[in-house]
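**Student:** Let me begin by handing over the structure; questions about it come next.
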Amino acid sequence: MNKGTRHIAIVGCGQLAQMMAQEGESLGITFSFLAERDEDAGCVEGLGTLVRLEGGDSGEQLYRALGCPEVITAEREQVDVQLLRDLQRFCPVYPDPHVFEKAQHRLREKCALSESGLPVATFMPAQGREALQRALDTVGYPAFIKSCENGYDGKNQWRVKDAAQLREAVEEAQNLPCVVEASVAFSCEVSLIGARSVSGEVKTYPLTENLHRQGTLLLSKAPFSNAQLLARARAYLQKLMDDWDYVGVLSLECFVTDDGLVVNEIAPRVHNSGHWTLAGASTSQFANHLRAILDMPLGETDCPRPAAMVNMLGIDRPPSGNNDGVWLYGKSLRRGRKMGHVLLLDNCDIQLAKRSEAIIADLYQ
C-alpha cells in the first residue's frame, strides 16, 4: 500500500465484495478479503489480497495478514461473530458484530425489531413436532415455518396453509430451531436502503419494489412512489440505526399492507435490491457503504430516472435486448445461482416495466 492509501478488509468473497471493491477503486481504497477454507473466491480475484481461514490463527495474525486494514466489514450475515470481535481489538468492525449476531438468527432478529418498536408479523419460536403444532395453533393458518439459521432465498422455509401441509413441513423442520410466523396479507414487497456514517450522517435511497421467483429476488424497481410509506420506512430505519449505533449500509425489507408497512427482515450490508444504484443513483450503495465506514461524507442518493434491476438466476449469458448495463460476477454456473444482473433506466415507468418484462422473457425463455 502507498502511504496515505485507505485500506479495507472484507469478510467474504462473493459478488457483494466484488462490487464494493470495484466501486472503491475510484475512491482510492485498496482491499483485502477474508475467505473460509473452502470458499470460492473467484469473484474477487485480482481485486486485492486473499487470506484464507485455516484454523488456529489469532485475531492479530489475521489482522496483519489482511494488511492492517483501517476498518473491517462483511458482505454477508453468516459470519463468525467471535472472529469479528477478535478482529475488533485491532481496528473498527462495521457494522458492529452485535448487529451480525442479531441478523444471522431469525428469532434474535425478530425480537430485536420488536424491541425497537417496529411492526412485524406475529411470531413464535418452536422446535420439535409438538412445539410446531402448538405454535401453529396459536398463530393460525396460513403461516410460515422458518429455520432460525441458514434461511435465505427461500431455503429452509415452509408455507403451511392447513394441517396436511404442516405434517409435511414438520418432517423437514422438526429438528431445527424455528420461528413460526403468521402470514401477512400484502399488496407488494418493498425495501429501503440507507447508510449511516461513523459521525452519524444518514442518507437513504428511494423505496424499491421487489418481485421474487421461488423465494429469490428476480426484479427490483425504483422509485416506489409513496411519500407516506417512504417517511414511515425512513423512521423505522433511523430508529434501528440509532438503537444499534449502526455504521454502514442497512437494508430494511417490508410488506406493504392496508395498515402500512410490516417489517419482514433486515440485512446489515449492501443488498441485492439496491444493485440498481450502480447506474440509477448519483452514488451507489456500495460506494456509500465504503464512505460510511471510513467516515467520509456520504454521496447523494437520488434516483433521477426510473430504474430497474433483473437478477440473472442460473443464467450466465447477457440478454439480447437493449439495457443500461450487465454485471457478470464470474461465478461457476449453477441452477438458481445469482450469476449477474441487468440494469435498465427509462424516463417512463410504463416503458421501463415493458422493457423489464422483455429482458426477463429473453433470459428465462
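The values are calculated or read from the model by the stated rules, or taken from the named source; none is laboratory data. Please read these numbers as outputs of a predicted model, since none were measured by experiment. Cβ coordinates were reconstructed from backbone atoms using ideal geometry, including for glycine residues, and neighbour counts include every protein chain displayed.
**Student:** Given G248, G260, which one is under 14 Å from the mean Cα position of the chain (by Cα), on the phi > 0 side of the Ramachandran plot and in the same structural domain as R196 (by TED's automatic domain parsing)?
**Tutor:** Numbers: G260 fails: under 14 Å from the mean Cα position of the chain (by Cα).
One residue alone meets the criteria, G248.
**Student:** Run A231 past the list (1) aliphatic (A, V, I, L, M); (2) at pLDDT 85 or above; (3) more than 16 Å from V263 (Cα to Cα) and report the number of the one that doesn't hold.
**Tutor:** Going through (1) aliphatic (A, V, I, L, M); (2) at pLDDT 85 or above; (3) more than 16 Å from V263 (Cα to Cα) one by one, A231 breaks only (3).
**Student:** Then there's this: Hey, among the residues in region 28-87 that are β-branched (V, I, T) and touching a Lys or Arg at 6+ places or on another chain (Cβ under 9 Å), which one's surrounded by the most Cβ atoms within 10 Å (Cβ to Cβ)?
**Tutor:** Filtering region 28-87 for residues β-branched (V, I, T) gives 29-30, 44, 49, 51, 71-73, 79, 81.
Within this subset, residues satisfying the condition of being touching a Lys or Arg at 6+ places or on another chain (Cβ under 9 Å) are 29-30, 71, 73.
Values: I29: 21, T30: 20, V71: 20, T73: 27.
Restricting to residues being β-branched (V, I, T) and touching a Lys or Arg at 6+ places or on another chain (Cβ under 9 Å), the top hit is T73.
**Student:** Here's another thing I want to ask about it. Taking the stated definitions as given, is L118 assigned to a helix (DSSP H, G or I) and at pLDDT 95 or above? Spell out how you get there, then give the answer.
**Tutor:** Details: assigned to a helix (DSSP H, G or I): no; at pLDDT 95 or above: yes.
The answer is no for L118.
**Student:** So which pairs qualify, if the first residue must be in region 224-244 and closer than 19 Å to G200 by Cα and touching a residue at least 12 places away in the same chain (Cβ under 8 Å), the second must be of a type in the set (S, T, N, Q) and surrounded by 13 or more Cβ atoms within 10 Å (Cβ to Cβ), the Cβ gap must be under 7 Å, and the two must be at least 6 apart or on different chains?
**Tutor:** So the pair list comes out as R234/T204; L237/T204; K239/S116; L240/S116; D243/S116.
**Student:** Further question on the same structure: Could you tell me whether any residue of region 140-147 is assigned to a helix (DSSP H, G or I) and either modelled with pLDDT of 90 or more or under 20 Å from L217 (Cβ atoms) (or both)?
**Tutor:** Among the residues of region 140-147, not one is assigned to a helix (DSSP H, G or I) and either modelled with pLDDT of 90 or more or under 20 Å from L217 (Cβ atoms) (or both), which makes the answer no.
**Student:** Which residue, of G67, G42, is within 23 Å of the chain's Cα centre (by Cα) and outside the structural domain of T277 (by TED's automatic domain parsing)?
**Tutor:** Values: G67 fails: within 23 Å of the chain's Cα centre (by Cα).
Exactly one of G67, G42 is within 23 Å of the chain's Cα centre (by Cα) and outside the structural domain of T277 (by TED's automatic domain parsing), namely G42.
**Student:** Within region 64-120, which residues are touching a strand residue (DSSP E or B) at 6+ places or on another chain (Cβ under 9 Å), of a type in the set (S, T, Y) and closer than 20 Å to A233 by Cα?
**Tutor:** Within region 64-120, just S114 meets the criteria.
**Student:** Among the listed residues G274, G325, G280, which satisfies the condition of being under 26 Å from R106 (Cβ atoms), of a type in the set (G, A, S) and in contact with a strand residue (DSSP E or B) (Cβ under 7 Å, 6 or more places away or on another chain)? Talk me through it step by step, then tell me what you get.
**Tutor:** Numbers: G325 fails: under 26 Å from R106 (Cβ atoms); G280 fails: under 26 Å from R106 (Cβ atoms).
Criteria check complete, one pass: G274.
**Student:** Here's something else I'd like to know. Within the group C13, C68, which residue is at pLDDT 95 or above and in contact with a helix residue (DSSP H, G or I) (Cβ under 7 Å, 6 or more places away or on another chain)? Walk me through it before giving the result.
**Tutor:** Numbers: C68 fails: in contact with a helix residue (DSSP H, G or I) (Cβ under 7 Å, 6 or more places away or on another chain).
Within the list C13, C68, the selection yields C13.
**Student:** On to the next question. Restricting region 98-113 to residues that are in contact with a helix residue (DSSP H, G or I) (Cβ under 7 Å, 6 or more places away or on another chain) and surrounded by fewer than 20 Cβ atoms within 10 Å (Cβ to Cβ), which is nearest to L176 (Cα to Cα)? Before the answer, list the steps.
**Tutor:** Quick first cut of region 98-113, residues in contact with a helix residue (DSSP H, G or I) (Cβ under 7 Å, 6 or more places away or on another chain) only: 99-103, 108-109, 112.
Among the residues that remain, those that are also surrounded by fewer than 20 Cβ atoms within 10 Å (Cβ to Cβ) are: 101, 108.
Working: E101: 18, R108: 15 Å.
Checked region 98-113; the qualifying residue nearest to L176 (Cα to Cα) is R108.
**Student:** Among the residues of region 172-222, write down those that are of a type in the set (A, V, I, L, M, F, W, C), assigned to a loop (DSSP other than H, G, I, E, B) and over 17 Å from G274 (Cα atoms). Spell out how you get there, then give the answer.
**Tutor:** Step one: filter region 172-222 for residues of a type in the set (A, V, I, L, M, F, W, C), giving 173, 176, 178-180, 182, 184-186, 188, 190, 192-193, 195, 198, 202, 207, 211, 217-219, 222.
Now drop any that are not assigned to a loop (DSSP other than H, G, I, E, B), which leaves 176, 184-186, 198, 207.
Within region 172-222, L176, V184, A185, F186, V198 meet the criteria.
**Student:** So, in region 268-314, how many residues would count as being small (G, A, S) and surrounded by fewer than 21 Cβ atoms within 10 Å (Cβ to Cβ)? Please lay out each step first, then the result.
**Tutor:** Of the residues in region 268-314, the ones small (G, A, S) are 273-274, 279-282, 284, 287, 292, 299, 307-308, 314.
Pick out the ones that are also surrounded by fewer than 21 Cβ atoms within 10 Å (Cβ to Cβ) and you get 279, 282, 299, 314.
Residues in region 268-314 being small (G, A, S) and surrounded by fewer than 21 Cβ atoms within 10 Å (Cβ to Cβ): 4 in total.
**Student:** Go through region 184-222 and give me each residue that's polar (S, T, N, Q), buried (at least 16 other Cβ atoms within 10 Å of the Cβ) and more than 13 Å from C254 (Cα to Cα).
**Tutor:** S197, T204, T216, S220
**Student:** Then there's this: Given the criteria free of Cβ contacts under 8 Å to residues at least 60 places away in the same chain, touching a helix residue (DSSP H, G or I) at 6+ places or on another chain (Cβ under 7 Å) and not hydrophobic (A, V, I, L, M, F, W, C), does P125 qualify? Reasoning before the result, please.
**Tutor:** Working: free of Cβ contacts under 8 Å to residues at least 60 places away in the same chain: yes; touching a helix residue (DSSP H, G or I) at 6+ places or on another chain (Cβ under 7 Å): yes; not hydrophobic (A, V, I, L, M, F, W, C): yes.
Spelling it out, P125 is indeed free of Cβ contacts under 8 Å to residues at least 60 places away in the same chain, touching a helix residue (DSSP H, G or I) at 6+ places or on another chain (Cβ under 7 Å) and not hydrophobic (A, V, I, L, M, F, W, C).
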